[in-house]
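Working notes, structure below.
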Amino acid sequence: MAGRPYLSTQARTVIAALHDHPAHWRYGYDIARETGLASGTLYPILCRLADRGLLDTQWEDDPPSGRPRRHLYRLSAAGSATAVDLRSASAPTPKNRHRRLVEEAG
């Protein structure tokens with residue numbers, strides 16, 4: 001990931017959640033439920049990721065009557081590439097695979 005900006009563990013969690021459903025527009029509450037992040041943590045992350053060009057954002061076009069429009073998010077092409085980089089960087093190597101097996105064995 002040389003040349004990529006630093007991403008917190010929480011930002012990586014958001015990117016991973018969005019990468020699981022790359023074609024779908026997602027709204028904040030849905031992402032919060034999946035990631036377990038509080039809104040005070042999630043929304044600043046979403047703003048930073050959008051500012052970095054890692055997310056596409058838009059407002060909901062036609063909300064149901066009586067509910068305000070929601071802001072929607074999905075990974076941009078750059079965000080998808082970052083998600084792939086993050087997953088490949090965290091793929092187990094022989095050394096950390098052994099450590100993980102030892103930790104799981106307890």
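Here's the yes/no breakdown for (1) acidic (D, E); (2) assigned to a helix (DSSP H, G or I); (3) modelled with pLDDT of 85 or more:
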| site | (1), (2), (3) |
| --- | --- |
| E34 | yes, yes, yes |
| I45 | no, yes, yes |
| R67 | no, no, yes |
| G79 | no, yes, yes |
| E104 | yes, yes, no |
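Annotation note: Cβ proximity below 7 Å between a residue of the stretch 61-84 that is polar (S, T, N, Q) and a residue that is modelled with pLDDT under 90 (sequence gap 6+ or interchain) occurs for S80/P22; T82/R4. Residues that are in contact (Cβ under 8 Å) with a residue 40 or more places away in the chain and surrounded by 15 or more Cβ atoms within 10 Å (Cβ to Cβ) within the stretch 1-51 comprise L7, R12, I15, A16, L18, H19, W25, R26, G28, I31, listed in sequence order.
The values are calculated or read from the model by the stated rules, or taken from the named source; none is laboratory data. All of these numbers come straight from a predicted model, not from anything done at the bench. Counting neighbours? That spans all protein chains shown, and the Cβs are built from the backbone with ideal geometry, glycine included.
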